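Visitor: Quick one: the structure is below, and I'll ask about it shortly.
The values are calculated or read from the model by the stated rules, or taken from the named source; none is laboratory data. Nothing here was measured: the structure is a model prediction, and the numbers come from that model. Note: ideal-geometry Cβ built from the backbone for every residue, glycine included; neighbour counts use all protein chains shown. Ligands, DNA and RNA are excluded from the accessible area calculation, which covers all protein heavy atoms including side chains. Shrake-Rupley method; radii C 1.70, N 1.55, O 1.52, S 1.80 Å.
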Amino acid sequence: MKIIRSETYKDMARKAANIISAQVIMKPNCVLGLATGSTPIGIYEQLIDWYRKGDLDFSEVTTINLDEYCGLARNNPQSYCSFMHNQFFDSVNIRPEHIHLPDGTNLNAKEECERYDQLIAKIGGVDLQLLGIGLDGHIGFNEPGSAFELGTHCVELTSSTIEANARFFSDSGEVPRKAYTMGIRTIMQAHKVLLVVNGKNKAEIVKRAFFGSVTPQVPASILQMHPDFTLIGDAEALAYV
Ligand code: GLP
């Protein structure tokens, strides 16, 4: 595990964007595993800026997102599909056919999860997986107690996650209770994993996840075992390490 300390959120985002851009430059047809949440927004802004300046080209890149809410249409403003288009895809030259997210409108969970796992295999797996971390240590939507060996699956979100994500909805009652998520097995099979974290409310979970024991109760803790895992945190999030 490699830890990169940043003073500020902006610096954290820039360092993470540097690693992603190095991946794209070294392997233009790479597969990027992408994440939602507020933490990666600054990374996407930085990548867009470098793209506009002509320093980055996404025309051969394939993306595969970690997760999606069940039951939300792709064009629902709260769907992760909308988030990714608004924050990143619509501002760079990535080809629409190279963009992949779980389909939250397919309520046949078995079929959708199998489709996503087959798709990940078909595109050759993930070269670089970007992750955030939830307050309870979840990655993607792999909540505490998730088996490490799972592929894509449908999860019941915990009340802590529903509460944390309620800020993106007008009412917490609107937050979907279920989501499709790439499993930890798939995340662990990525060649490189990059987790970004900022803010003092994440300091405690950072300590538990990366400096405590590896346990399904803290899903992100398994990343300690990944051969190429980089953690980039701002000063507040890394306050206890
Ligand atoms: C959601 C996403 C995760 C993300 C987490 C933290 O639950 N499914 O991928 O890491 O939120 O989000 P934030 O970065 O806003 O704290």
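Visitor: Can you give me the ranges of the helices (runs of 4 or more DSSP H) entirely in segment 126-238 with at least 2 residues that are open to solvent by 10 Å² or more (accessible area, probe 1.4 Å), touching a residue at least 24 places away in the same chain (Cβ under 8 Å) and within 12 Å of the ligand (Cβ to nearest atom)?
Guide: 159-165
Visitor: Can I ask one more? Is there a residue in segment 70-90 that is over 26 Å from H153 (Cβ atoms) and at pLDDT 95 or above?
Guide: Yes; the residues of segment 70-90 include at least one that is over 26 Å from H153 (Cβ atoms) and at pLDDT 95 or above.
Visitor: Of all residues being assigned to a loop (DSSP other than H, G, I, E, B) and touching a helix residue (DSSP H, G or I) at 6+ places or on another chain (Cβ under 8 Å) in segment 30-59, which is nearest to the ligand (Cβ to nearest atom)? Just the residue, please.
Guide: Per the criteria, the residue is T36.
Visitor: I need the full set of residues from segment 18-60 which are surrounded by 22 or more Cβ atoms within 10 Å (Cβ to Cβ) and small (G, A, S), in order please.
Guide: G33, A35
Visitor: Any idea which of E68, E97, E60 is among the acidic types (D, E) and in contact (Cβ under 8 Å) with a residue 60 or more places away in the chain?
Guide: It is E68.
Visitor: Among all residue pairs at least 6 apart or on different chains, which show Cβ distances below 6 Å where the first residue, located in segment 3-24, is under 16 Å from V206 (Cβ atoms) and the second is modelled with pLDDT of 95 or more and of a type in the set (D, E)?
Guide: The qualifying pairs are S6/D234; Y9/D234; M12/D234.
Visitor: Tally up the residues in segment 87-125 that are within 18 Å of S59 (Cα to Cα) and either surrounded by fewer than 15 Cβ atoms within 10 Å (Cβ to Cβ) or more than 16 Å from the ligand (Cβ to nearest atom) (or both), please.
Guide: Total satisfying the criteria: 13.
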